[in-house]
1. Confirm whether Ala54 is modelled with pLDDT under 95 and either exposed (fewer than 12 other Cβ atoms within 10 Å of the Cβ) or not polar (S, T, N, Q) (or both).
2. Under 9 Å between Cβ atoms, at least 6 apart or on separate chains: pull out the pairs that start in the range 8-19 with a residue that is in a helix (DSSP H, G or I) and end on any residue that is surrounded by fewer than 16 Cβ atoms within 10 Å (Cβ to Cβ) and of a type outside the set (D, E, K, R).
3. When you scan the range 16-28, how many residues do you find that are surrounded by 13 or more Cβ atoms within 10 Å (Cβ to Cβ) and hydroxyl-bearing (Ser, Thr, Tyr)?
4. Checking the conditions here, which among Ile26, Ile63 is modelled with pLDDT of 95 or more and either touching a helix residue (DSSP H, G or I) at 6+ places or on another chain (Cβ under 6 Å) or within 28 Å of Leu6 (Cα to Cα) (or both)?
Amino acid sequence: MNQQTLQEILIEQVSQLETLNELLNIEYQLLIAGKVDLLRLNEVTEKKQYWLTALRHSDEKRITCSQQGNCCRPINKIKP
């Protein structure tokens, strides 16, 4: 893998983090609404789990790319 691939992975991670941020904001609004919509909250929780898994996967790709390409030292891996 080369530097461009690492850059693409990092762009992917930024997008994933932005999506997670949006989901956290939605979750927050649901929780402070007074009466919690459990179905909607469950939906948001499932989406959050999906994006956290995707982020972990892309972080593994980033670490592998960094190690194979010697392009930069890997940052701490995201913990499950």
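The values are calculated or read from the model by the stated rules, or taken from the named source; none is laboratory data. A quick note: this is a predicted structure, and the numbers were derived from the prediction, not measured. Backbone-built Cβ (ideal geometry, glycine too); neighbour counts: all protein chains shown.
1. Criteria not met by Ala54.
2. Gln16/Leu52
3. 1
4. Ile26
For (1) out of contact with any Cys (no Cβ under 6 Å at 6 or more places or on another chain); (2) surrounded by 12 or more Cβ atoms within 10 Å (Cβ to Cβ); (3) hydroxyl-bearing (Ser, Thr, Tyr), each residue gets a yes or a no:
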{"position": "Leu6", "(1), (2), (3)": "no, yes, no"}
{"position": "Leu30", "(1), (2), (3)": "yes, yes, no"}
{"position": "Gly34", "(1), (2), (3)": "yes, no, no"}
{"position": "Leu39", "(1), (2), (3)": "yes, no, no"}
